[in-house]
Structure formats: structure tokens, C-alpha cells
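What follows is one structure encoded as C-alpha cells, with my remarks underneath.
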Amino acid sequence: MADLMAGIIVGIVALPLAIAFGIASGVTPEKGIITAIVAGLIVSVFGGSRVQIGGPTGAFIIIIYGIIQQYGMEGLAVATFMAGAFLVLFGMLRLGTIIKYIPYPIIVGFTSGIAVTIFTTQIKDLLGLTMDSVPADFIEKWIAYGRNIATIDPWSAAIGILSVAVIAVTPKFSKKIPGSLIAIIIMTVAALMLKNMAGVTTIETIGDRFSISSTLPELSMPQMTWETIKSLVSPAITIAILGAIESLLSATVADGVIGDHHDSNTELVAQGMANLASPLFGGIPATGAIARTMTNINNGGRTPIAGIIHAAVLLLIFLFLMPLAQYIPMACLAGVLVVVSYGMCGWRSFAALMKNPKSDVSVLLITFFLTIIFDLTIAIEVGLIIACLLFMKRMSETTDVKVILDEIDPNDEADVDMGNLEHLTIPHGVEVYEINGPYFFGAGNKFEEIMAAFGDRPQVRIIRMRKVPFVDSTGIHNLTNLCLMSKNEGIQIVLSGVNDKVQKALRKAGFNDIVGEENICGHIDQALVRAGDIVGRE
């Protein structure tokens, strides 16, 4: 019974959001509801979270609108279908845990950017501006709004602003009934009364812009050509990554509330199946919706039954009440999306991140501004590249190289044979270098710079690697070059404290043949004995 009631409430909550997201994305309102029905059912039946509610979300609005403008509805169907295939592939390759490691500044940056962009797209309908067309570019939009500010329709503006107010105050009086639904009912009735009793005809409704249909769409496969697939790979990957991030973030938040643990890879497969099915019925991209998932939990939903009931409720509304949607004012839907954009913006998280290190701030701001000025695809791609470069820089900084000149204190050593403490004095003609941390990227260059700082030429260089957990091909390459150059200068390289994992990598690369097996020692005392033998012999 708890799941039944939660499903009914979530279905009612999802209705205005599905209509608003559909219209804002550039498609008809029924496509938003169809997406919520199809995706909601599949995600609940096959998903890796017991309480996840799937459907269209605000995060997709901007990218969907851009795809439709460039490729049309057929292009959107192909991109959504491809994104579904990518998501299934992500899940089958068990990439669910990896996607969770996308840096937090990137997530906040593009989420806040999407929120600002959604708000910007709703100004025309919110204020009832009379404009021939709204420019696609963010800056040009605001310039156009400024030029047409005198065309504000006071009735539409009043409905839009009052809708925002109603949604804002509703939680203080009712936790069950969503403010967006109350706002739509009140403002629709008000608009009808103004039109029929006061002769106000300037308030634009959904019916003025779209022809509403309650007929279930026929199943049809998108026409996919090789040229179309090639041109839509980038937006499809963006949809897939964005869908994966949002759905897994939603599932993780839900886990924290109900004390459960979702299966991220199963969730990705289910999200992929939902996006494979949605375009077959004329729907748009879908993912896990945090707001609807939390509504489900707060109203007692604890099993997938709630999500299935939510889809059934939406289907019944679509079949029997859809024609009534034509009377909903566009300004009211704009008000709903303004509240959604405020909820998405996460300004508190944004402000908190601005106090973090400069590298995080730069990733945050670059992702944010690329999202609002260009598009989400570029923002995610550039943001990930910058984050990866910063990660590599930070990882290289965790590795340091130090020089030990005279003696080694046995009390500080973990790899010393305690029976041979007399050998811890460094012989004349021997230099000891210690690498602390992974040996890759810039660590090799750092090592070479430190050695170059010493003008004298020793007979033996001991390289301690007891604190090197692993080595990559760059590290092996640098070690090999160092060994060959040292041989040319008459200097012998001796390695000390190499662990089994690093030893295996070096042997596989043929490094042992260059340096000699006898010059790879397990302990520093053994390495010092070996160095003493070489110096004495020479």
C-alpha cells in the first residue's frame, strides 16, 4: 500500500514536469509524458536501484533542443537510440564505478550552467514577450530580451510570477501535493476565467502553440544511416555520460536515505534500455530523476512497484485527461521551469567550491561558462580533459626524489637487514637517490633534474625504490635511458628495494638485462655492499 500511494503521488508530480521538460526541449508536451511512461517503467523493472524513478529531466533540455535545431526530430531519435546503446555498453563493461569518479567541480559546473541556461530560455514565456524568434546564443538571447522588454504582457507576467510564488510556498502547507501541480491548476482556471469573463486573450496556452493528442504513438524504428550515426556520435556520448552521471548520482543519494546499496552497472544497463525504447515511441532522452526519486522515498516508496505505479498513473492521465493540457498557460510552465532551474543551480555548492584550490575553481568556472556560452558537449569534453591534466599534474607532484649523501639511519629504514647495520655508511664514490611515490609522468624528469644538479660523477648510483608502488611505461623508459647514459659515462646503476610488482614490470620490459640481475637488490644494505664491491674493484 505504501508503494501504491507513493507511485500515485510521484505520477502526479511527474505530470507537470514531463510536460514542461518536453516543451522546453523543443518537442510536443505528449512526448514528454510518453518518455516518462516508457522510461519510468523500464528503469523501475530492470534498474539497479529499488526506488529510482526515471523520466525526462532538466539536464537534457539544452542538448535536446540543440540536436533538434541541427538534425531535426529524426536526428534526436537516432542520438537517443545511440545513447541508449552506449549506456548498455557502459554497464556491460562495468564502468558504473568509474563514472562515479568524475570530478565534483565538473558536475557542479555543468549542472549550474544548465540551470542558468534553462532559466534564460524561459524568460520569453514567463513575461509574455512578443518576439518573432529567440536567438540560440546565450548572450544574444539576453540582448534580444532587452530590446523587446517593452512588449511584456502584464497578464502573462503575473501568471508566471504567481506560479513561482505558489510553488515556493506550497511545501509550507502541503508535503504530499506538489506545488507545480497546484500552480498549474490554479493558473489554468485563472486564465480561463480571464479569457471568458474579462476578455483577456493575450495569455498564450499550450493549445495555442501545440495540437494536443491523447493517441498512443505507433512503434517505429529511427532511420539510421552511416552518415547520420557519424555526425551524432558526439551528442550521443554526451547524452550517455550525462544520463549515467545523473542516474548514478540520484541512486547514490537514494541509498543514503533508505540505507540500501544500488548496483551501478545494472542501473546503467536499465537506463540504456530506457533510452533504446523511448525513441521507438517518439520519446526523448531519459535518466534517473533526483527530485522524483526523493518524492518517491519521502512518500513511502521502497520497491520498484512504486515506479511501475507511477508509469501507470501517467498512462491513465495521458489517455483520458491529456486534452485538458491545452488550457495550461505557457507562462505557468515557464514558472515551473524557473523553480526547477533554481533547484538545479546548486549555488551553495558553487560558492563553497570557489573557496577550494585554484585548479578546482578553474575547472568549475571553465565548465560553467562553456555550458552557458557554447554547449554542454563542449563543456563536458573540455572539463574532463582539464580535470585529467590536473590529475596527472597532482599525481606527478606526489612523487618526490631525495638524495642521501653520507649515512643512512637504520632506525628510519623498513627494508634494512638489521644484522648488517655496519654497511649503512655510504662508500666514497657512491650516490644514493630515493624515489617516494609512483614512478611515472614527470617523476622521471624530476629525477633527472636532481641528478643534473650534482656536478661530480660518481662510480655507482643507487636508486632506492622501496616506496615505489608501481611503474608505468614512461618510468621504465626513463630508467632505461638513465641506465644507458650512465653506462656511457662509466657509472653503474644499482636498484634497491624493488617490490615484486615493479620487478615484474621491469623484467617484462627487458630492463634487467640492461642493468644486470646482480645489480637489483632487495635491501639497501645489500645494495651498499654491491656498490662497495664495484668501487673497490675499480
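A simple spin-label model places the labels of E74 and D472 4.4 nm from each other, with each point 7 Å out along Cα-to-Cβ. Between helix 524-537 and the chain there is an angle of about 40 degrees, using the helix long axis and the longest principal axis of the Cα atoms.
The residues R209, R530, R94, sorted by heavy-atom accessible surface at 1.4 Å with ligands and nucleic acids left out, run R94, R209, R530 from largest to smallest. Largest first, the three principal axis extents of the alpha carbons in the range 85-209 are 62, 40, 28 Å in whole numbers. Rg over Rh for the range 1-87 works out to 1.01, both radii taken from alpha-carbon positions and Rh defined as the Kirkwood radius.
Comparing Cα centroids, the range 365-379 and the range 95-110 end up 16 angstrom apart.
Taking Cα centre as origin and charging only the Cβ of basic (Lys, Arg, +1) and acidic (Asp, Glu, -1) residues, the dipole magnitude of the chain rounds to 1900 debye.
Sorting check: for 350-357, 461-468, which peptide has the highest mean count of neighbouring beta carbons within 10 Å, and how do the rest follow? Don't skip to the end; give the middle numbers.
Values: 350-357: 12.5, 461-468: 22.6.
Ranked from most to least packed, the peptides come out as 461-468, 350-357.
Across the range 374-384, rounded Karplus estimates of 3J(HN,Hα) from the backbone phi angles (6.51 cos²θ - 1.76 cosθ + 1.60, θ = phi - 60°) give 10, 7, 5, 4, 5, 4, 5, 4, 5, x, 5 Hz, Gly and Pro being marked x. Karplus-based coupling profile of the range 464-478, in residue order and whole Hz: 7, 10, 5, 9, 9, x, 7, 9, 9, 5, 5, x, 4, 4, 5, with θ = phi - 60° in 6.51 cos²θ - 1.76 cosθ + 1.60 and x standing for Gly or Pro.
Averaged per residue, what accessible area in Å² does the chain show with a 1.4 Å probe, protein chains only? Walk me through the numbers on the way to the answer.
Working: 24160 Å² over 538 residues.
Averaged over the residues of the chain, the accessible area is 45 Å².
Of the peptides 161-170, 198-207, 77-86, the ranking by mean beta-carbon count within 10 Å, highest at the top, reads 77-86, 161-170, 198-207. With an a/c value of 1.5 or above and a/b larger than b/c for the gyration tensor axes a ≥ b ≥ c computed over the alpha-carbon atoms, the range 261-409 is described as prolate. Using +1 at the Cβ of each Lys and Arg and -1 at the Cβ of each Asp and Glu in the chain, identify which of V403, Q326, I284 lies farthest towards the dipole's positive end. Farthest towards the positive end: Q326.
The fraction of Cα-Cα pairs per 20 angstrom bin, counted from 0 for the chain, comes to 20, 40, 21, 16, 4, 0 percent, rounded to whole percents.
Is the C-alpha gyration tensor of the range 1-160 telling us rounded, prolate or oblate? Criteria: a/c under 1.5 is rounded; beyond that, a/b larger than b/c is prolate, otherwise oblate. Prolate. Normalised by the number of residues in the chain, the mean separation of alpha-carbon contacts (under 8 Å, six or more apart) gives a relative contact order of 23 percent. Per residue, the chain reaches -20500 deg cm²/dmol at 222 nm when only DSSP H runs of four or more residues are counted, each adding -39500 (n - 2.57).
Placing unit charges on the Cβ atoms of the charged side chains and taking the dipole of the chain about its Cα centre, the candidate lying farthest along the positive direction among Y65, I372, G179 is G179. Of all DSSP bridge pairs formed entirely within the chain, close to 40 percent run antiparallel.
Cα axis of helix 154-173 to longest principal axis of the chain: angle in degrees, 0 to 90, nearest 10? It is inclined by approximately 60 degrees.
Say the cut-off is 23 Å between C-alpha atoms; which of K402/K504; K393/K504; K467/K508; K393/K467 go over it? In this structure, K402/K504; K393/K504 lie more than 23 Å apart at Cα. For the chain, the longest principal axis of the alpha carbon atoms and the long axis of helix 138-147 meet at an angle near 40°.
Kindly identify the range 245-332 as rounded, prolate or oblate by the Cα gyration tensor criterion: order the square roots of the eigenvalues as a ≥ b ≥ c, call it rounded if a/c is under 1.5, otherwise compare a/b with b/c, prolate if a/b is larger, else oblate. Intermediate results must be reported in sequence, preceding the final value.
Values: a/c = 2.03, a/b = 1.52, b/c = 1.33.
Prolate, because a/c is 1.5 or more and a/b exceeds b/c.
Between the alpha-carbon centres of the range 207-266 and the range 1-56 there is a gap of 12 Å.
The values are calculated or read from the model by the stated rules, or taken from the named source; none is laboratory data. On a predicted model such as this, the values are computed, not experimentally measured, just so you know. Glycine also receives a Cβ, built like all others from the backbone with ideal geometry; neighbour counts cover every protein chain displayed. Remember, those area values only see protein heavy atoms, side chains included, never the ligands or the DNA or RNA. Shrake-Rupley method; radii C 1.70, N 1.55, O 1.52, S 1.80 Å.
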